[in-house]
Every structure is written in structure tokens, then in C-alpha cells.
Amino acid sequence: MSAATQEEDELPSNHTGPKGVINDWRRFKLDSVDQTVPQNKRELLRQMSSPREDDKERLNRKMSVQEYELIQDEDESCLKRYRKQCMQEMHERLSFGPKFELVYELESGDAFLEVIEKEHRLTLVVVHIYQHGVKGCEELNSCLDCLATEYPSVKFCRIDAVATGASERFSSEVLPALLVYKAGELLGNFLAVTKHFNEEFFATDVEAFLNEYGLLPEREFTACADDEDEGGEVE
């Protein structure tokens, strides 16, 4: 056996291309098989998923017609779970950098400068400058709390205008303000940002606004959509 072939055998199936996808599916079906499935089908799934050590060719063989028909017979919800698992694993392999998942309160102008200048060069920093009692500031804070969970790779921050040490520049007329930075560079400077929204606005409105300027990364994978779909099937 060549070194390349031996290395391929030792790799997990999710590193072996189309063959690995087939074998991943076989193992997934074995793990999720219902006990009501006939014994002969369960045994077939076991053989498909766990080949004997002395029969390596079974692991890499093409999918048989019997196996294909068995997979085709499985319910759609199981296939959705399999797709979700694959996407989660792919996201874990591709994700990088720090994760934040909340809005950070900046207590001073120095903290404001530090987060702009010292954050990782690939990290997008969104800073909300607010003031208590100014219309729209509290609502925008709530929206950013939501977006912080949807975009964990983005560092969302907020700071009271007085705490910046430059309150004369951030009077109530220009608040709430959103400033967007990356690698120390100002990418977006939106004063009185709520003038772009309806009187009642939500996180999706803020998200759409930032996306218009290309200031948000692609939303990271979440299971919400699939969960809603599955929930919708329950009567």
C-alpha cells in the first residue's frame, strides 16, 4: 500500500471528498436510526457505517443500489438534520478570530480610542454614541444587543457622549450616532442615524441600513431558519 493510500485511510471521512460524504451520511443514519426500523435495515446501516478493520475496501466502495434506495426512503427531517450538522462543522473549520456576542460598554474616551486602535485588524468595530433621554438611543441599544448575537465576529460597543470627553461634538442633535471602524480606519460615520428609520424600528432595520453600505460581514451560520421550518410542521 502506498503512503498516500495509507494516509487517506487514516484521515476522518469528512476529509475524503465524495467518498467521505457518503460515509459520513452512513454513520449519521446509524446514529439517528429509529428503533422502529426493521432489523435488516438497521443491520445494513451498521455495515455501511462501521466496516470491519479487515475489509477497508468496503469503506471506500461506491454506494450500492440497496443503500441508495434505503437513503431515499428516509424522512426529510433526518436529511435536514444532516445538512445542518455539515454546515455547522464547515463553519467551525472556517471560523477565525475572536468572538464577542455582546455589546461592550466603554467607560471613557481612552477606552474608546483603545478599542479602535488596538482591536485586531480584521475585526469590524461598531460604536454607538448615545445619551440618556435622547430619542432613539435606548431603542438603538436594544437593536445592537440583538445584532451582537447575530454577528459574533463584530465588536459592538457603546459609549455615553459625556464619557467620550468630546460632548460638544456629540450634542443631542447628532445623536444617536453610529461609527464603524476597521484596522483603525473610520468606514462609516452616521450622525442622528435614526432619521434613516421609521419612528418604530427594529434590529432588522439597523442591519439592513448597515448592509446598504457594505458594513457588515455575511451573517454567520445559525440554526434558526431550520428550527423554524421544523417547528412549522407541527400542528
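The values are calculated or read from the model by the stated rules, or taken from the named source; none is laboratory data. Fair warning: this is a prediction, and the values are worked out from it, not measured in the lab. For neighbour counting, all protein chains shown are included, and Cβ atoms are generated from backbone atoms with ideal geometry for every residue, glycine included. Heavy atoms of the whole protein, side chains included, go into the accessibility calculation; ligands, DNA and RNA do not. Shrake-Rupley method; radii C 1.70, N 1.55, O 1.52, S 1.80 Å.
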Quiz item: So, with +1 on the Cβ of K and R and -1 on the Cβ of D and E, and no other charges, what is the size of the charge dipole of the stretch 175-219 about its Cα centre, to the nearest 20 debye?
Solution: 180
Quiz item: What are the residues whose amide H is under 5 Å from the amide H of residue 124, where those residues sit 5 or more places off or on another chain and H is modelled from the backbone?
Solution: 155
Quiz item: Any idea of residue 156's accessible area? Nearest 10 Å², probe 1.4 Å.
Solution: 0
Exercise. Take the eigenvalues of the Cα gyration tensor for the stretch 104-213, scale each by 5, and report the square roots as semi-axes in whole Å, largest first.
Key: 19, 18, 12
Self-check item: Length added when fully stretched, residue 172-residue 120, from 0.36 nm per residue minus Cα-Cα
Solution: 15.6 nm
Self-check item: Gain upon complete extension [residue 138, residue 187; 0.36 nm per residue less C-alpha separation]
Solution: 15.3 nm
Practice problem: Return the percentage of antiparallel bridges among DSSP beta bridges fully within the stretch 104-213, rounded to the nearest 5 %. | Solution: 55
Self-check item: For residue 139, solvent-accessible area (1.4 Å; no DNA, RNA or ligand), Å²
Solution: 90
Quiz item: Heavy-atom accessible area of residue 205 with all protein chains present, probe 1.4 Å, nearest 10 Å²?
Solution: 60
